[in-house]
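Contents: one structure, followed by commentary.
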Amino acid sequence: MKKILLILPFFLLTILSCKAQDKEPSDFIPKGYTEFKKYSGDLNKDGLEDYVLIIKKTDSANVVMNRFDKKVDRNRRGIIVLFKNANGYELADKNLECFSSENEDGGVYFAPELWIEIKDNKLYIHYGHGRYGYWKYTFRFQKSNFELIGYDSSSNRGPVTNRETSINFLTKKKLTKENTNENAEGGDEIFKENWYDIEIDNLIKLSEIKDFDELDMYNY
């Protein structure tokens, strides 16, 4: 009987450990949040299908009237990254409120549209802004964190690209391309390229970004 009592705690711990690993992606969404969008792909080079969840807070206090007297949900959004393993999923990284609401006021134009892409084992956080262009952040899992290794943007005037910027935080290099053809109509731009060295001591971690809207890449 004494031996059974000694073995029982270890047996229970083994069961609980297995249960903790055997989770579905939705099990990682904390209370007070809901799934907004879900993406899948291999992020850690093991050939398994990992998941990225965009989540959204559900605080009713953030459902407000906008300037058009329309009720909109201004709750912020966040991200949860999950790695697939033999028993289920495990948390790789998270940031619960780093993205603004999809219902922000875009002024004379719509607010930028957020979407995620998983490609070549990298995580891309992409903002599209219609005729005005886009910007995107490239993260890679290393040193037990998703770290920002690249940034790309395009500033447009309709079909015409005015300026492109590409930053590689690993090589500490920045490339800018400026259109010098004032009469360009799209596809006939003439770009002047400039390379710059940038200064950065530590790579930015996904989990430490307070607000992507305030992540100023022009400082580099």
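Restricted to region 92-118, and to residues there that are under 22 Å from L82 (Cα atoms) and of a type in the set (A, V, I, L, M, F, W, C), the residue that is farthest from the chain's Cα centre (by Cα) is A92. Annotation: L170 fulfils all but one of (1) part of a strand (DSSP E or B); (2) out of contact with any Phe, Trp or Tyr (no Cβ under 6 Å at 6 or more places or on another chain); the unmet one is (1). Within region 170-183, can one find any residue that is under 21 Å from E97 (Cα atoms) and crowded, with 18+ Cβ neighbours inside 10 Å? There is no residue in region 170-183 that is under 21 Å from E97 (Cα atoms) and crowded, with 18+ Cβ neighbours inside 10 Å.
Among residues of region 198-210 that are over 26 Å from R77 (Cβ atoms) and without any contact (Cβ under 8 Å) to a residue 60 or more places away in the chain, those with a beta-carbon under 9 Å from a residue that is of a type outside the set (F, W, Y) and surrounded by 12 or more Cβ atoms within 10 Å (Cβ to Cβ) at least six positions away or on a different chain give the pairs I198/I167; I198/N168; I198/K172; I198/K173; I198/K174; E199/K172; I200/K172. Listed by first and then second residue, the pairs linking a residue in region 118-137 that is on the phi > 0 side of the Ramachandran plot and surrounded by fewer than 17 Cβ atoms within 10 Å (Cβ to Cβ) to a residue that is modelled with pLDDT of 95 or more and aliphatic (A, V, I, L, M), with Cβ atoms under 9 Å apart and 6 or more places separating them unless they lie on different chains, are N121/L43. Residues of region 34-61 that are farther than 14 Å from L82 by Cβ, surrounded by 15 or more Cβ atoms within 10 Å (Cβ to Cβ) and not charged (D, E, K, R): F36 alone. The residue that is nearest to F139 (Cα to Cα), counting only those in region 184-220 that are part of a strand (DSSP E or B) and of a type in the set (D, E), is D197. Answer yes or no as to whether I79 is closer than 14 Å to F146 by Cα, surrounded by 14 or more Cβ atoms within 10 Å (Cβ to Cβ) and hydrophobic (A, V, I, L, M, F, W, C). Yes, satisfied.
The values are calculated or read from the model by the stated rules, or taken from the named source; none is laboratory data. All values derive from a computational prediction rather than experimental measurement. When we count neighbours, we look across all protein chains shown, and the Cβ atoms used for this are built from the backbone with ideal geometry, even at glycine.
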